[in-house]
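Engineer: Structure below; questions to follow.
No value in this document is a laboratory result; all are computed from the given coordinates. For clarity, every value in this text was computed on a predicted model and none was experimentally measured. Cβ placement follows ideal geometry from the backbone for every residue including glycine, while neighbour counts extend to all protein chains displayed.
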Amino acid sequence: MKKILIVEDDKSLNNGIALSLNTYECRQAYSLAEARSFLDNSVSLIILDINLPDGSGLDFCREVRQTFKTPVIFLTANDMEHDIVAGLDLGADDYITKPFSLAVLRARVHAVLRRGANESSIFRINKMVFDFDKLEFFADGRQIELSKTEQKLLKLFVKNIGVTLSRETLIDRVWSDGAEFVESNALSVTIKRLREKLPDAPIKTVYGIGYVWEK
């Protein structure tokens, strides 16, 4: 049975999450100190609050990433876009804001654990195959050459199918190499090139917001 570590200081909420995920073995921690005592290679997933009595979940996620590949889902009241970007940049696999639906949480947990079971980074979508380990990309049997920027953008889309990603989020995630200045049209140009190289990719513009890879 897969083990899930729930790090949430609200005991009522922690218990509710554990009850909702009763098909898994849940370890319940109410502080970072408790979470550290539970954490080992047997943990399949961490559900992590950010505002905890003895520190920040962001710092704990950074610690986890130094030693473990355990998937992390942030579950927090911090709902500003820069908070979400910070969490994802630290390597979190998902970010859910409070209040939330337990049914949605279960679905997100199942999705993250499914991805973890297939950690080959190979995505097969219609007649397209993207292998991010070997950096080989095919469309309709034809190999496509993608720049590093196009690869980053493509990976963001295929890992978030059906999710609208704002322009700000895409820019922060794709150009996160410390560049001080990014041309204002850099994202639009990269999107255009990706669409030209992958004409069957369902990348749709969400006017005034950003882009979505449609289901």
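Engineer: How large is the direction-averaged shadow of the alpha-carbon convex hull of the range 122-213, in nm²? Intermediate values should be presented prior to the final figure.
Structural biologist: Working: hull surface 23.3 nm².
Over every viewing direction, the Cα hull of the range 122-213 projects on average to 5.8 nm².
Engineer: Next question. Would you mind ranking ASP172, ASP131 by Cβ crowding within 10 Å, fewest neighbours first? Numbers along the way, then the final one.
Structural biologist: On the way: ASP172 18, ASP131 14.
Ascending number of Cβ neighbours within 10 Å: ASP131, ASP172.
Engineer: Another one. Quick one: pull the percentage of alpha-carbon pairs in the range 3-117 with a separation above 25 Å. Don't jump to the answer; show the numbers that get you there.
Structural biologist: Values: 636 of 6555 pairs.
The calculated P(r) of the range 3-117 puts 10 percent of pairs beyond 25 Å.
Engineer: I want the local charge near ARG142. Using Cβ-Cβ distances under 13 Å, sum +1 for each Lys or Arg and -1 for each Asp or Glu among the other residues. Intermediate values should be presented prior to the final figure.
Structural biologist: Working: positive: LYS127, LYS197; negative: GLU136, ASP140, GLU145, ASP200.
Net charge around ARG142: -2.
Engineer: Right, something else. May I ask what percent, to the nearest 5, of DSSP beta bridges between residues of the chain are antiparallel?
Structural biologist: Values: 19 of 36 bridges.
So the antiparallel bridges in the chain amount to around 55 percent.
Engineer: Check each of the chymotrypsin sites (Phe, Trp or Tyr not before Pro) in the range 34-106 and keep only those in coil by DSSP with at most 15 other C-beta atoms within 10 angstrom; list them in order.
Structural biologist: On the way: sites: PHE38, PHE60, PHE68, PHE74, TYR95, PHE100; in loops: PHE68, PHE100.
Those that pass, being in a loop and sparsely packed, are PHE68, PHE100.
Engineer: Among ALA18, LEU146, TYR207, flag the residue with its Cα farthest along the positive direction of the charge dipole of the chain, charges on Cβ as +1 for Lys/Arg and -1 for Asp/Glu.
Structural biologist: LEU146
Engineer: Please report, in debye to the nearest 20, how large the charge dipole of the chain is about its Cα centre when each Lys and Arg carries +1 at its beta carbon and each Asp and Glu carries -1 there. Provide the component values of the computation, followed by the final result.
Structural biologist: Details: 29 positive and 31 negative charges, 186 e Å.
In debye, rounded to 20, the chain gives about 900.
Engineer: Next question, about the same structure. Return the FRET efficiency for the residue pair ASN15, TYR207: r is the Cβ-Cβ distance, R0 is 45 Å, and the value is rounded to the nearest 0.05.
Structural biologist: On the way: r = 43 Å, r/R0 = 0.96.
Using R0 = 45 Å, I get an efficiency of 0.55.
Engineer: Mind pulling the angle between the C-alpha long axis of helix 186-197 and the longest principal axis of the chain? Nearest 10 degrees, somewhere in 0 to 90.
Structural biologist: 70 degrees
Engineer: Still on this model: Taking the Cα centre of the range 86-153 as the origin and placing charges on Cβ (Lys, Arg +1; Asp, Glu -1), which of PHE100, ILE125, LEU90 is farthest toward the positive end of the dipole?
Structural biologist: Value computed over the given set: PHE100.
Engineer: Shifting gears a bit: For every other residue with a beta carbon closer than 10 angstrom to the beta carbon of GLU25, add +1 if it is Lys or Arg and -1 if Asp or Glu, then tell me the sum.
Structural biologist: Numbers: positive: LYS2, LYS3, ARG27; negative: none.
Residues near GLU25 contribute +3 overall.
Engineer: Any lysines with Cα under 30 Å of the LYS159 Cα? List them, leaving off those in the same chain fewer than 8 positions away.
Structural biologist: Excluding near neighbours in sequence, the set is LYS2, LYS3, LYS69, LYS98, LYS127, LYS134, LYS148, LYS192, LYS197, LYS204, LYS215.
Engineer: Sticking with this structure for a sec: Fewest first, what order do VAL163, VAL109 take by the number of other Cβ atoms within 10 Å?
Structural biologist: Numbers: VAL163 13, VAL109 24.
Ranked by crowding around the Cβ, least crowded first: VAL163, VAL109.
Engineer: Lys and Arg at +1, Asp and Glu at -1: add these up for the other residues within a Cβ distance under 15 Å of GLY208 and post the number. Could you put the intermediate results ahead of the total?
Structural biologist: Values: positive: ARG167, LYS204; negative: GLU81, GLU168.
Combined, the nearby Lys, Arg, Asp and Glu give 0.
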